[in-house]
1. Which value, in debye to the nearest 20, gives the size of the charge dipole of segment 492-553 about its Cα centre, when Lys and Arg are +1 and Asp and Glu are -1 at the Cβ?
2. How much length is gained on full extension from Leu175 to Lys206, taking 0.36 nm per residue of separation minus their Cα-Cα distance?
3. Could you tell me which of the pairs Lys206/Lys231; Lys264/Lys532; Lys206/Lys385 are separated by over 24 angstrom between their Cα atoms in the structure shown?
4. Place a label point 7 angstrom from the Cα of Glu454 along the Cα-to-Cβ direction, then list the residues of segment 293-321 whose backbone nitrogen is under 20 Å away.
5. Can you give the FRET efficiency to the nearest 0.05 for Asn465 and Asp445, using r as the Cβ-Cβ distance and R₀ = 45 Å?
6. Nearest 0.05, what FRET efficiency do Lys191 and Lys425 give at R0 = 30 Å with Cβ-Cβ as r?
7. Run the numbers for Ser160 and Glu392: contour at 0.36 nm per residue of separation, minus the present Cα-Cα distance, in nm.
8. Would you work out if segment 372-443 is rounded, prolate or oblate? Take a ≥ b ≥ c from the square roots of the eigenvalues of the alpha-carbon gyration tensor; rounded if a/c is under 1.5, else prolate when a/b is larger than b/c, oblate otherwise.
Amino acid sequence: MATIGQRRSPSPHKILASAVAISFLVFISASFAFTSRSLPSRLPISGFETASGGHGSLRRSMLAMKLDPLKPRLDQLQKQADDHRSLALAYAAYARKLKLEYSKLVRTFADISRTYSDLLKKPAYQALFSSDAVNIDETVVRQFEKEIKEKIKITRQAVSESKESFDNQLKIQKLKDTIFAVNEQLTKAKKQGAFASLIAAKSIPKSLNCLSMRLMEERISHPEKYVDERKPAPPELEDPNLYHYAIFSDNVLAASVVVNSAVKNAKEPSKHVFHVVTDKMNLGAMQVMFKLKDYNGAHVEVKAVEDYTFLNSSYVPVLRQLESANLQRFYFENKLENATKDTTNMKFRNPKYLSILNHIRFYLPELYPKLHRILFLDDDIVVQKDLTGLWEIDMDGKVNGAVETCFGSFHRYAQYMNFSHPLIKEKFNPKTCAWAYGMNFFDLDAWRREKCTEEYHYWQNLNENRTLWKLGTLPPGLITFYSTTKPLDKSWHVLGLGYNPSISMDEINNAAVVHFNGNMKPWLDIAMNQFKPLWTNYVDYDLDFIQACNFGA
């Protein structure tokens, strides 16, 4: 026996009995809790408010469960209907707080909520929820379940589709994806557009090719009319007291427009001398074109660049570079790189940028050794006023007279040269204002004194691997005449008629020279219609050769 005051340990049978009793109480409590949760504490549905009554309601629910096993299934369906109706109402309420653009969502979810109420109001289903219903028709329950599930499916689909409208993060991400996709398409379209534009700009129109062929046919048929080899050169061609122009072109019609416009606007045409230089292929056509009419006493000299024998690869860096295998691979072998891959550099891959006809402008003092001053004109310009005032300008010892093109941070040296290269960075200021090629007045005596051609050779040799600047004549021009350029008044030279449609007509009308620089040349179909008449006014449409080639048709 245990001593007094010592507790006796309970027997195992008593512990088991206590555990069973506790488990039963917990089960009963859980049953009551489950039953109370299954009672309609949901949002009230019109015509179907839940009945109150405390323990009496609980007893009725328990009785219904005992009498008809379909009752819990029916309660579950009603709960699902209530939950999804509440969900629809919640989305409708949230949509009301947003902007007017979500008013459609408000109507959508309000209509969905209404369908639940309408479904539960059907007489066939009202009997299912009456308090005295004992026997429930399983067929009706199945039909009710089918319709409820259809409504739930519609609700979930509407919620899924509208989540994007309410989820800002999802909307932002989708917007970013859309912007990225559109940017990709835009980049691709820009590359394709740039490539197509270059093709349109560099291709020879059918009418222009026709004119060259017909002029060449005339040259071959009647050589005696156009050969001047045995005749001595007119002294006016070397007279430094006259006004001399240099035009380098392989476009016979464009060159004729330059001469026509300059002569027509000259006060004394007989004092003007035009030196036209082309390539051997177009020499015959050029000779015929400038023999077909009298230029009011103005003098026109037509020569081929091949006639200047000193322009060979041993002297001219560009010609030597054209012979290099590296440059030939750059142009002709790397087809993928030459395609639409690089829109920015695409135009500089055109071999014309290394053509000697383009770079001959750097040899003016040697081409015309007896002249003191000369005006260089591109073949895409139109002269609108007498230009003799340029010969009266005091050049202040400078070599190149040109119109500056910079405004703000645009068209400055930094845009044309590689200032990450130490040589460029050391010698030039990136903020220096650039100027335009196309109408340049050159003091040839100052040129010879400053040894500008030698300067050009020095830098052109350094740029054989194209690390100092991209191809073209403007960057080496900016370098060669870096400290020897005199800015001219902007009214002498207005640029941009080949790419900028917003140039004012007042500015154009006041200009001595207008320049169709850009891809939309006036002899192309892609030319801007508002500017094209400025050029066509000087085309000799009365010539039989031009009429036969349907220009302007």
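Here, each number is a calculation from the coordinates, and none is a lab measurement. Everything quoted here is computed from the prediction, not taken from an experiment. As a convention, Cβ positions derive from the backbone with ideal geometry for all residues, glycine included, and neighbour counts pool all protein chains shown.
1. Numbers: 2 positive and 6 negative charges, 41 e Å.
Value, rounded to 20: 200 debye.
2. Values: separation 31, 0.36 × 31 = 11.16 nm, distance 4.72 nm.
The Leu175-Lys206 span can extend by a further 6.4 nm.
3. Numbers: Lys206/Lys231 35 Å; Lys264/Lys532 18 Å; Lys206/Lys385 32 Å.
Violating the 24 Å Cα-Cα cut-off are Lys206/Lys231; Lys206/Lys385.
4. Answer for this model: 310-312, 314-318.
5. On the way: r = 35 Å, r/R0 = 0.77.
Approximately 0.85, to the nearest 0.05.
6. Numbers: r = 31 Å, r/R0 = 1.03.
Efficiency for this residue pair is about 0.45.
7. 75.5 nm
8. Cα axes put segment 372-443 in the prolate bin.
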